[in-house]
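Trainee: So that we are looking at the same thing, I have put the structure below in structure tokens.
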Amino acid sequence: MLEPSADEIRDWGNSVTQFMIDYLGDLRDRPAYRHTSSGEIRSGLDPKLPIEGTDFDSLLRAFRETIVPFSRQNAHPRMFGYVQSPGTPIGAFADLLASTLNANLTIWRSAPAPVELERLTIDWIRQILGFNAEAGGLFVSGGSMANLAALATARQTRCDSLGRLRIYASNATHFSIAKAAALLGIGRENVQHVAVDQRFRMRVDDLIAIITADVQAGYVPFCVVGNAGTVDTGAVDPLREIREVANRFQLWMHVDGSYGAFAILADSARKLFAGMEQADSIALDPHKWLYLPVDVGCVIYRDPEAARATFAHEAEYTRMFGEEADEAFVCWDYGPELSRRFRALKVWMLLKGVGLDRLGEAIESNLACARHLESMVQASDDFEMAAPVGLSIFCFRHVPRRLRDQSPGVIDAFNERLLVALQRDGSSYLSNTTLGGRFTLRGCVLNYRTTLRDMEILLDDLRRVAKSLG
Ligand SMILES: Cc1ncc(COP(=O)(O)O)c(C=O)c1O
């Protein structure tokens, strides 16, 4: 088992590939989610400490029978919850190859070709976003880590400040920004929440008012975070205007593009992102809208030297000798991690294998699905939108005729029960958020398999499940 023969590797590979073919082949016919319990799953797993080994077929059987059915099927075309990528076979094969090579991307010398591939791929992403030629960055575990690395770099530029540092972000910003502020010692309480407009975009007048008041009160404003797609409604903040405010108050401008930034590849969405390329840093998630399997996030800095000033660390046991500039590249100078898996391989294989045209079409089709749902809801008399559709996120409520005259509280409570019942039903999966104090059903189209018909099935599923609630 530890060192299988060539025949064993071939057999294992064939079985795994066959699993992938079968799994993806009838995905649409299976539930997106199956309600279960910890006890039910544990009852299918042998709890004994494994002193002796087990053959591969038994392991694969346990995976197929116990792990797969009791997992949420994230690749399902009607898995609309959270911000969930479906994954793609090319990404899965790339992960297999990356683990086979087991490259560890700490510095160029440890993994020369993998590090070159990462630098090349990061540069492609830089070009997709329209950042300056000198910009650079790293692949990290996800958007949260990218936000942390960017805020650490932003803080470093003000390391000699005496007053309390302050960060500004709309009140629709993902919690990883506040968490990063806490971890960096800035403090959650020093993330100032800026009001949003009717479309849930940051209100720049409120941003200016809060910064001005903070300056007068002796705080040190140092960073503003703009969203390129908020997690709850998909709103894109007015990034160009935020840049102007950042210039005026000498703030670091960070963009959280973890969910939405790759929608710049879709013609109909591109203009929303004007000004994003002027940010000092950006967090992205190829494991969201590039459809790749977790984990791969990405941080890009306008001036990578600022990141080096934050993360570089020399220790005797890592000192390098006789390297030229390119070959002396040190990955840990640009982010918090030392050992790093070869995430770039799946990004490179996807971009090169699929191409930007096809990716742009897939993203465009996701946007069209969300807009289709919005039109159907607006044309119906038993659903209402809770926010306008900006990208591929849709927030809405079911209001059957019998509830139309009821209070918002009753309608919200009904939708909460409906969400749980829909998830247990399994045909479609939504998650939820709260907007303006009201419970909201929330979905996100992030799957190249999802069709306009799936959006119609979602509404049918909700009506059917609602009836069963009585
Ligand atoms: C806008 C936004 N930022 C950050 C994150 C965190 O990303 P990750 O889960 O990759 O850490 C998310 C996750 O959904 C997100 O939607």
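Trainee: So, in the range 277-299, how many residues would count as being open to solvent by 10 Å² or more (accessible area, probe 1.4 Å), near the ligand (Cβ under 9 Å from one of its atoms) and not in a loop (DSSP other than H, G, I, E, B)?
Mentor: So the answer is 2.
Trainee: Another question, then. In the range 124-145, which residues are of a type in the set (A, V, I, L, M, F, W, C) and more than 16 Å from the ligand (Cβ to nearest atom)?
Mentor: If the condition is that a residue be of a type in the set (A, V, I, L, M, F, W, C) and more than 16 Å from the ligand (Cβ to nearest atom), then Trp124, Ile128, Phe131, Ala133, Ala135 are the ones that fit.
Trainee: Among the residues of the range 443-460, what is the count of those that are open to solvent by 10 Å² or more (accessible area, probe 1.4 Å) and touching a residue at least 60 places away in the same chain (Cβ under 8 Å)?
Mentor: Number of matching residues: 6.
Trainee: Here's another thing I want to ask about it. Under 7 Å between Cβ atoms, at least 6 apart or on separate chains: pull out the pairs that start in the range 81-92 with a residue that is under 16 Å from Ala32 (Cβ atoms) and free of Cβ contacts under 8 Å to residues at least 12 places away in the same chain and end on any residue that is surrounded by fewer than 21 Cβ atoms within 10 Å (Cβ to Cβ) and β-branched (Val, Ile, Thr).
Mentor: none
Trainee: Then there is this: When both residues are 6+ apart or on different chains and their Cβ atoms are under 9 Å apart, which pairs have a first residue that lies in the range 117-139 and is open to solvent by less than 20 Å² (accessible area, probe 1.4 Å) and of a type in the set (Asp, Glu), and a second that is assigned to a helix (DSSP H, G or I) and at pLDDT below 95?
Mentor: Within 9 Å, the pairs are Glu118/Cys331.
Trainee: Can you run down the residue pairs with Cβ atoms below 7 Å, 6 or more apart or on separate chains, where the first is in the range 146-163 and away from the ligand (no atom under 12 Å from the Cβ) and the partner is part of a helix (DSSP H, G or I) and open to solvent by 10 Å² or more (accessible area, probe 1.4 Å)?
Mentor: Partner pairs satisfying both residue conditions: Ala152/Thr310; Thr153/Ala306; Thr153/Thr310; Gln156/Ala306; Gln156/Ala309; Gln156/Thr310; Thr157/Ala306.
Trainee: Another question about this same structure. Inside the range 177-200, can you point out the residues that are in a loop (DSSP other than H, G, I, E, B) and either more than 15 Å from the ligand (Cβ to nearest atom) or in contact with a strand residue (DSSP E or B) (Cβ under 7 Å, 6 or more places away or on another chain) (or both)?
Mentor: If the condition is that a residue be in a loop (DSSP other than H, G, I, E, B) and either more than 15 Å from the ligand (Cβ to nearest atom) or in contact with a strand residue (DSSP E or B) (Cβ under 7 Å, 6 or more places away or on another chain) (or both), then Leu184, Gly185, Ile186, Gly187, Ala195, Asp197, Gln198, Arg199 are the ones that fit.
Trainee: Among the residues of the range 267-276, what is the count of those that are part of a helix (DSSP H, G or I) and either open to solvent by less than 10 Å² (accessible area, probe 1.4 Å) or within 13 Å of the ligand (Cβ to nearest atom) (or both)?
Mentor: Residues meeting the conditions: 2.
Trainee: Next up: Are any residues in the range 300-312 surrounded by fewer than 24 Cβ atoms within 10 Å (Cβ to Cβ) and either in a strand (DSSP E or B) or not basic (Lys, Arg) (or both), and if so, which ones?
Mentor: Result: Asp303, Pro304, Glu305, Ala306, Ala309, Thr310, Phe311, Ala312.
Trainee: A further question follows. May I ask you to list the residues in the range 393-451 that are in contact with an Asp or Glu (Cβ under 6 Å, 6 or more places away or on another chain) and hydroxyl-bearing (Ser, Thr, Tyr)?
Mentor: Within the range 393-451, Ser427, Ser428, Thr433 meet the criteria.
The values are calculated or read from the model by the stated rules, or taken from the named source; none is laboratory data. Keep in mind that this is a model prediction, so the values were computed, not measured. Positions of Cβ are backbone-derived with ideal geometry, glycine not excepted, and every protein chain shown enters the neighbour counts. With ligands, DNA and RNA removed, areas are computed over all heavy atoms of the protein, side chains included. Shrake-Rupley method; radii C 1.70, N 1.55, O 1.52, S 1.80 Å.
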